[in-house]
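Okay, structure first, notes after.
The values are calculated or read from the model by the stated rules, or taken from the named source; none is laboratory data. Note that the structure is predicted; figures quoted are calculated from it, not measured. Neighbour counts run over all protein chains shown; Cβ positions are idealised from the backbone, glycine included.
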Number of protein chains: 2
Amino acid sequence: MEAKDHKIPQFAVIKQYLEQQINTQQWAPGRRIPTEQSLADTFSVSRMTARRAVQELADRGILTRTQGSGTYVAEKSQSIPNLPIKDVVAVAKAEHSHKHKIISADAVQITSDIAKLMGLQTDTLVFQLTVVHLYVDRPIQWQKIWVNRSMAPALLKQKLDKVDPNDYLDWLCRPQKTDYQLKAVLPTASQRLQLMLSQQDTLNCMQLSRRHWSADAVFSFSIMLHPAESYYLGDELKEVQ
Amino acid sequence: MEAKDHKIPQFAVIKQYLEQQINTQQWAPGRRIPTEQSLADTFSVSRMTARRAVQELADRGILTRTQGSGTYVAEKSQSIPNLPIKDVVAVAKAEHSHKHKIISADAVQITSDIAKLMGLQTDTLVFQLTVVHLYVDRPIQWQKIWVNRSMAPALLKQKLDKVDPNDYLDWLCRPQKTDYQLKAVLPTASQRLQLMLSQQDTLNCMQLSRRHWSADAVFSFSIMLHPAESYYLGDELKEVQ
DNA sequence: TATTATAAGTTGTATATACAAATAATATGT
DNA sequence: ACATATTATTTGTATATACAACTTATAATA
């Protein structure tokens, strides 16, 4: 773990020092740490080198900096960082093993709950699509998409059985921002049917809700359902050794 | 969205340009982008300024760089970035509304599946604790922890009803690395009981598995169960406007 | 032809410097 | 005592330079 034959750069040494001070609680959260200049002096490097060490820890959220004031140890994060959740459909597409099936595609009046999430008025007309995504021939995701009609007026005129509507929408209005939410749900009977889940199969699904934004408006809202016990969602913890 | 009265720094301008080229597919994944020097020349800035723009995009995984070769547009990520999952227990602790209840605390022989995950031999003695975490008086998490005995030999001698064993373990062997995995599960009868879930309540739980590493060894493995429909796990999607 | 040096190109690290911008402490004036 | 300037401190941006480390292309050699 240690025996590197390569020279450790100086900014990395300072970084290690800072991390150590924080991890061993020598420097408590909220505490002000030495200035860039002071670090540069003690480690006999230029300010820019010391700065890099500090900056990289700030980028990771370990330190917070404010111009004119100083650099402080960040309060302990209350969120689990970077839980890598795989986009199973993207993986399937990358492996050229993806197919999709359009269950329904209509223009409907939006319900109030979805309207609120999309920033639209209730009863606005939106496109509503139900899609099942397959890995080879096995369903891996059930998806319902609501689309802002004014931002993709020609959606239903596309050959949606050929082109995944998600791809079309991504191409048409490239998402600037994306929102996610995750929860565990029980699938409805029809969802179970469309996901081809038998009685023996798990009763649980991971439900991912997603909003795509273009500028300041939501252009699509999706609910995506994944069979829970499958290996698809979440990184498998690898065996040690 | 635009009308900033502050001057936009030059590295940000270059960053924007690069992002635009990538987002509009002008530069496809895998394509080599202009060198730092070339960017510096076209934007009439120093190489270090151009470098910063490139570097920050590389830090975000949008570009990949290899010394001696060049900088390339990264292949499309197949994982959903930065899904912010709150650590509900940490939040409860921050609000000073956290209590915990030790259900059991023993030394047991490890089963083969857990042994594999912890990198230990089957039948090794480990500490096994079952803990329920409360927000004020409501259970928000059921937790089972397996602890490498050699790394925390005095664990069971602590006043575990006073000090959360997680805090003790964090203090004793500060985790260098952490692994997570997430899935949806149905709680067992006893888990439901300990989480005080009634028949009317949701049948689903989000299960988070976590490994804490110290150097190259796993020192604890936890399974944490959260009632699913609660607001605890995952960021609530906010209403627009 | 195949192998091995050599050179050129590109990113990585580091320095010394300068000024801008925000904050915090001090001095000033009423 | 209070409000207002002024100054000092600290981080943010930017430049020009130098050399190290690595990759790739080219030239030299067997």
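For the stretch B:16-27, the set of residues classified as within 30 Å of the chain's Cα centre (by Cα) and in contact (Cβ under 8 Å) with a residue 24 or more places away in the chain consists of B:LEU18, B:GLU19, B:ILE22, listed by residue number.
Give the residue that is nearest to DNA strand D (Cβ to nearest atom), with candidates limited to residues of the stretch A:14-52 that are within 21 Å of B:ASP170 (Cα to Cα), of a type in the set (A, V, I, L, M) and surrounded by 15 or more Cβ atoms within 10 Å (Cβ to Cβ). That would be A:LEU18. I'm told A:LEU57 meets every condition in (1) touching a residue at least 40 places away in the same chain (Cβ under 8 Å); (2) more than 16 Å from DNA strand D (Cβ to nearest atom); (3) assigned by TED's automatic domain parsing to the domain that holds A:GLN16 except one. Can you identify the failing condition by its number? With respect to (1) touching a residue at least 40 places away in the same chain (Cβ under 8 Å); (2) more than 16 Å from DNA strand D (Cβ to nearest atom); (3) assigned by TED's automatic domain parsing to the domain that holds A:GLN16, A:LEU57 is out only on (2).
The rows are residues; the columns are (1) modelled with pLDDT of 70 or more; (2) away from chain B (no Cβ under 12 Å).
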{"residue": "A:GLN191", "(1), (2)": "yes, yes"}
{"residue": "A:THR202", "(1), (2)": "no, no"}
{"residue": "A:TRP213", "(1), (2)": "yes, no"}
{"residue": "A:SER222", "(1), (2)": "yes, no"}
{"residue": "A:HIS226", "(1), (2)": "yes, no"}
{"residue": "A:TYR232", "(1), (2)": "no, no"}
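Of the numbered criteria (1) within 15 Å of B:PHE11 (Cβ to Cβ); (2) within 22 Å of the chain's Cα centre (by Cα), the one B:PHE43 fails is (2).
Taking the criterion of being on the phi > 0 side of the Ramachandran plot and either in contact with a strand residue (DSSP E or B) (Cβ under 6 Å, 6 or more places away or on another chain) or not assigned by TED's automatic domain parsing to the domain that holds B:GLU19 (or both), the only residue of the stretch B:65-79 that qualifies is B:GLY70.
Every condition in (1) under 33 Å from the mean Cα position of the chain (by Cα); (2) more than 14 Å from chain A (Cβ to nearest Cβ); (3) within 14 Å of DNA strand C (Cβ to nearest atom) is met by B:VAL13 except one, and the failing one is (3).
Checking each residue of the stretch B:49-68 against the condition of being over 30 Å from B:PRO227 (Cβ atoms), under 31 Å from the mean Cα position of the chain (by Cα) and facing another protein chain (nearest Cβ under 8 Å) gives at least one match.
Taking the conditions (1) among the basic types (Lys, Arg); (2) more than 10 Å from chain B (Cβ to nearest Cβ); (3) buried (at least 18 other Cβ atoms within 10 Å of the Cβ) in turn, A:LYS93 satisfies each one other than (2).
Looking at B:GLN78, B:GLN55, B:GLN67, which one is farther than 30 Å from B:GLN158 by Cα, touching an Asp or Glu at 6+ places or on another chain (Cβ under 7 Å) and not charged (D, E, K, R)?
Working: B:GLN55 fails: touching an Asp or Glu at 6+ places or on another chain (Cβ under 7 Å); B:GLN67 fails: touching an Asp or Glu at 6+ places or on another chain (Cβ under 7 Å).
Answer to the selection: B:GLN78.
Here the stretch A:122-138 is the region considered, the condition is being more than 14 Å from chain B (Cβ to nearest Cβ) and part of a loop (DSSP other than H, G, I, E, B), and the residue that is farthest from the chain's Cα centre (by Cα) is A:ASP123.
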